[in-house]
Every structure is written in structure tokens, then in C-alpha cells.
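Note sheet for the following structure.
The values are calculated or read from the model by the stated rules, or taken from the named source; none is laboratory data. Computed from a prediction, not measured in an experiment: that's the story for all the values here. Cβ coordinates were reconstructed from backbone atoms using ideal geometry, including for glycine residues, and neighbour counts include every protein chain displayed.
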Amino acid sequence: MATRFQVPRGTYDLLPEDAAVRRRIVAEARALAEGAGFGQIATPIFEDSELFVHTVGEATDIVSKEMYTFEDRSGRSLTLRPEGTAPVCRAYIEHGMHKLPQPVKLWYEGPMFRYEAPQAGRYRQHSQVGVEAIGSDDPTLDAELIDLLGHLYARLGLRGVRLHLTSIGSPESRAEYARELCEVLLRSDAFDAEQRRRIEQNPMRAFDWDGPEVRAVTDAAPKMIDRLSNSDMEHFEEVRRLLDGAGIDYVIDPRLVRGLDYYTRTVFEFRSDALGAQSGIGGGGRYDRLIEQIGGDPTPGAGWATGLERVAQAMDASGVTAAEVAAPANGHETRFLFAVTEPAARQRMFRAVSELREEGLGATMELGERSLKSQMRNAARMGVPWVVIVGPDEWSRAAAIVRNMAAHRQEEVSLSVLRRELVRRARVG
Ligand code: HAM
């Protein structure tokens, strides 16, 4: 049989076998996200074009040459969304979500559209699952997001995954650094005319370019991570301490460039050894200016997205079997909310949350700057069965209070047996 028609270049049909893998990825992501207190959001497939121009950035590849932009019948310029962060931030403002307890945590899935040169792992319509947490600049949030995505890949059986991490500071220090970098790069004759033009627009992109000569110049060039302000540096060091304390491996990669302009401070990318040139399976970071850029009050945020096609490919390359694909996902309710009011306890408790995730149990830490009382109210609102409280007194005794919300009962548990005790309670119910 023959048809004159084919799918448009860079798109594909999802057939049943692949749909099963896709379902599994989304189910695990949902379980992890909802276990950490994220609720689902779905925004439209198309948005006002200006939303992406203002946030993703005019000089980025995505906006300058990859957008599917069209005029509707009334002459409005609309764009098939190339990514999910800007739409979620728009929705946060539009629905007055700043009035909810912060941070507001949202997850989403769906197709994204970029007019890219099609190749293995690079499509014009691809699918993402992503999370956004808006309303907190706490470095614990950055670390928690990274931990979640790492657990997602582990649960899906991915092997050979590496986490690349860096901080790009604030737009002000970056602007200053960009001037310095531009000058340094343009002094070299390693770049052709087109590259020199692009360096003038955004010199950081040169870190993405290959070729031994170019590479030597960019290797020797100054890096943003060495130009961070003290507060940005302190923020990044806390993210690292939390990751280190939880045993999460990463490489500091000062060359890491994300193709979107809205990032500030922490940025990260997970790469798979098993994939070819398109090795980035998921990435994200902090975007503390984005909400303000689109008309909201200054509100920090952070998130990530992972590409379903690339994750499926990486599962295949890791030898994940059909039986493993068919295994049920973990539960998706939040079982434990950690209310940590003693700052010194943060790292230890962050590790405890990560350990529960490893056990397949939903857990998260309170990050709003609220009193213990309002944290408990929030726990009740969320319907969380257990709250783990660590204030200065408990911390001084190396213990935590574990409160059963339904029974209004609580006990003190030594931190040395906390993991075991929490798992036992969750299993007993
Ligand atoms: P991104 O890195 O542009 O980030 O895309 C996220 C993931 O989507 C990539 O790691 C990759 O797996 C997949 N992806 C991107 N483009 C393609 C393509 N053409 N074909 C196949 N897969 C692709 C974002 O989109 C940000 N919104 C992530 C984020 C959320 N940052 C903060 N919050």
C-alpha cells in the first residue's frame, strides 16, 4: 500500500510499543513529582508569540530561527510552544498563584515544537515532562529538583547518566562578564565572520562550538563561575553541600550553556553516555527574573524538563526490558512532609528526603518561610499523613519528631534510625 502523504519532517508516529515506554516515563515522573508535592498543570499548545520572545530570548536559536509562529484569523501572532517554563509562569501570574502558599509546585507533560534540523534525538515536535517550583529562592529547592530528576532516571533503569552543574549568577554580573568574554574571544582569530557576529550577540554560545582551535580558545577564556557575586557564590555552595551530603554525583561544568536566556544562578543538565550527539536527556535551572519579565511581581523560580524521546532511547540503550517497562510505577502521594526550622539540620534532612525517594516513598521539605504552625496547616491542607519536625531542640538531641497527622500523635525518633522508622511507618500505614 502506498500513500502520497508522510508525517512532516522531524515528526513521527508513536506506535503501541513506544507508547508503553512513554506511559511508563510519564507515570514515574508523575509519581515522583506528586510525591514531592507538585500538582499537574496543562497550558495551551500555542501562546502569544511575545511570551517566548521576552523570556526564552530574542537572540537564542529557539526564538531567532526555530519558532513555529503563525497568524490566526484575526491577525494575532501565535507560536506553538517551544518549551513549557514561560507558559507555566504566565499561568502563575494569570491565576494569582502568588496568593497560595509558596513555592507553588507544578508539573506538566506534552509536546513542544522547534524548527530544528532533524537528526537522531532531535525532532521538530518532541515531548517533555517538566516541573516548575515558583516562589522560593532557597538553594534547597535547586538541590531537591536535581534530586528528583536523578531519581527519575534511576527508577527508569538508565545507566551512564552524568549530571553537569554550574551557576551563571545574576543578569548584572553576567552582562559584565559577557563584555569581558567578548573582548577576549574577539582577540583570537580562531572564529569565522559568522561566529564573530554571534559572539558579539552572545559570547557564551562559543562554549558550545567544536573544533580544536576554537576549543583551545574557549578553554582558556574566563568562566562565569569565577565571576559570581558573593551571594550567588554562597547560594551555589549551599546547593553543592546539599548534593554532596545526599551522595549525589555531579561534575562542575563551567562550559555548560543552556539555550534559553531566562536562567539565573543554578543551571544543570543530565547527559547520557549511551546517546550520540544529542546526549542531553534533561535539564533546567533557576529563573529568578522570569516572572518579573512578563509583568508579575519579582518572584524567584526553578525547574527542569526532560525529553521523552531521548529518555526512551537511553532506556533502550541501557537494556531496559519490556517487562521492566510494564512494571507499575510507585505511588504518587506525598507521605512525608519535612518541617525543618533549624537551619543546621537542613543538609541532614535533605538527605533523609532523598533516601525516602529511593525507597519509593513520596517526601518533600517545606521551603516557604512560614512558622511551624502554618507549616502544619499546610501539611493538613495537603493531606500529608506524616510530618517530620526538626527544630533546634530536636536537632540538639540528634532526633526528629514524627507526627501522625490523622491520629494527632507524635513521637521522637533518633536520627540514627530515622530512615528505617519512617519506612516502617509508611508500610504499616
Ligand atoms: P531544554 O533543555 O531546551 O529545556 O529542553 C529540555 C529537554 O527536552 C532536553 O534536555 C531534551 O531532552 C529535550 N529536547 C529539547 N529539544 C528537543 C528536540 N528538538 N528533540 C528532542 N528532544 C528535545 C527547556 O525546555 C526548559 N523549559 C527546561 C526548564 C524547565 N528549565 C526550567 N524549568
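What residue, among those in region 323-375 that are farther than 21 Å from Arg420 by Cα and hydroxyl-bearing (Ser, Thr, Tyr), is nearest to the chain's Cα centre (by Cα)?
Thr341
Is it true that some residue in region 59-69 is more than 24 Å from Gln40 (Cβ to Cβ), β-branched (Val, Ile, Thr), more than 20 Å from the chain's Cα centre (by Cα) and at pLDDT below 95?
Among the residues of region 59-69, at least one is more than 24 Å from Gln40 (Cβ to Cβ), β-branched (Val, Ile, Thr), more than 20 Å from the chain's Cα centre (by Cα) and at pLDDT below 95, which makes the answer yes.
Looking for whichever is modelled with pLDDT of 95 or more and under 17 Å from the mean Cα position of the chain (by Cα) here; the options are Gly75, Gly96, Gly84. Which one fits?
Gly84
Among the strands (runs of 3 or more DSSP E) lying completely within region 40-131, list those that include at least 3 residues that are of a type in the set (A, V, I, L, M).
Where strands (runs of 3 or more DSSP E) fall fully within region 40-131 and carry at least 3 residues being of a type in the set (A, V, I, L, M), they are 104-113.
Name the residue that is surrounded by the most Cβ atoms within 10 Å (Cβ to Cβ), counting only residues in region 196-250 that are among the aromatic types (Phe, Trp, Tyr) and modelled with pLDDT under 95.
Phe207
Those residues that are away from the ligand (no atom under 14 Å from the Cβ), touching a residue at least 12 places away in the same chain (Cβ under 8 Å) and either among the charged types (D, E, K, R) or out of contact with any Phe, Trp or Tyr (no Cβ under 8 Å at 6 or more places or on another chain) (or both), I need them from region 78-99; list them, please.
The answer is Ile93, Met97.
Counting just the residues of region 84-141 that are among the charged types (D, E, K, R) and farther than 27 Å from Gln278 by Cβ, which one comes out surrounded by the most Cβ atoms within 10 Å (Cβ to Cβ)?
Only one residue tops the list, namely Lys105.
Could you list all residues from region 173-225 that are within 22 Å of Asp253 (Cα to Cα), in contact (Cβ under 8 Å) with a residue 40 or more places away in the chain and assigned to a helix (DSSP H, G or I)?
Result: Ser173, Arg174, Glu176, Tyr177, Glu180, Leu181, Met204, Arg205, Phe207, Asp208, Met224, Ile225.
With the condition kept exactly as written, say whether any residue in region 230-237 is more than 23 Å from Pro203 (Cβ to Cβ) and among the aromatic types (Phe, Trp, Tyr). Reasoning before the result, please.
Let us first name the residues in region 230-237 that are more than 23 Å from Pro203 (Cβ to Cβ), namely 230-231, 234-235, 237.
From the residues that got through so far, the ones that are among the aromatic types (Phe, Trp, Tyr) too are none.
Scanning region 230-237 turns up no residue that is more than 23 Å from Pro203 (Cβ to Cβ) and among the aromatic types (Phe, Trp, Tyr).
Is it the case that some residue within region 147-159 is at pLDDT 95 or above, over 26 Å from Asp316 (Cβ atoms) and more than 15 Å from the chain's Cα centre (by Cα)?
no
Looking for something surrounded by fewer than 18 Cβ atoms within 10 Å (Cβ to Cβ), hydrophobic (A, V, I, L, M, F, W, C) and more than 7 Å from the ligand (Cβ to nearest atom) - is there at least one such residue anywhere in region 307-320?
There is at least one residue in region 307-320 that is surrounded by fewer than 18 Cβ atoms within 10 Å (Cβ to Cβ), hydrophobic (A, V, I, L, M, F, W, C) and more than 7 Å from the ligand (Cβ to nearest atom).
Among the residues of region 346-375, what is the count of those that are among the hydrophobic types (A, V, I, L, M, F, W, C) and either surrounded by fewer than 19 Cβ atoms within 10 Å (Cβ to Cβ) or in contact with an Asp or Glu (Cβ under 8 Å, 6 or more places away or on another chain) (or both)?
The qualifying residues number 5.
Within region 100-127, can you find the residues that are farther than 22 Å from Gly280 by Cβ and within 14 Å of the ligand (Cβ to nearest atom)?
Pro103, Val104, Lys105, Leu106 - these are the residues of region 100-127 that are farther than 22 Å from Gly280 by Cβ and within 14 Å of the ligand (Cβ to nearest atom).
Pick from Gly303, Gly280, Gly284: which is closer than 26 Å to Trp209 by Cβ, crowded, with 24+ Cβ neighbours inside 10 Å, within 10 Å of the ligand (Cβ to nearest atom) and touching a residue at least 12 places away in the same chain (Cβ under 8 Å)?
Values: Gly303 fails: closer than 26 Å to Trp209 by Cβ; Gly280 fails: crowded, with 24+ Cβ neighbours inside 10 Å.
Of the residues listed, the single one that is closer than 26 Å to Trp209 by Cβ, crowded, with 24+ Cβ neighbours inside 10 Å, within 10 Å of the ligand (Cβ to nearest atom) and touching a residue at least 12 places away in the same chain (Cβ under 8 Å) is Gly284.
Picking from Ile199, Ile168, which residue would you name as being closer than 27 Å to Pro103 by Cβ and in contact with a helix residue (DSSP H, G or I) (Cβ under 7 Å, 6 or more places away or on another chain)? Give the steps one after another, and end with the answer.
Working: Ile199 fails: closer than 27 Å to Pro103 by Cβ.
The conditions single out Ile168.
Please report, ordered by residue number, the strands (runs of 3 or more DSSP E) entirely within region 228-343 with at least 2 residues that are over 24 Å from Arg162 (Cα atoms).
334-340
Which ones in region 398-425 are more than 14 Å from Arg348 (Cα to Cα) and touching a Ser or Thr at 6+ places or on another chain (Cβ under 9 Å)?
Within region 398-425, Glu421 is the sole residue that qualifies.
Any idea how many residues of region 103-143 are at pLDDT below 95 and within 20 Å of the chain's Cα centre (by Cα)?
1
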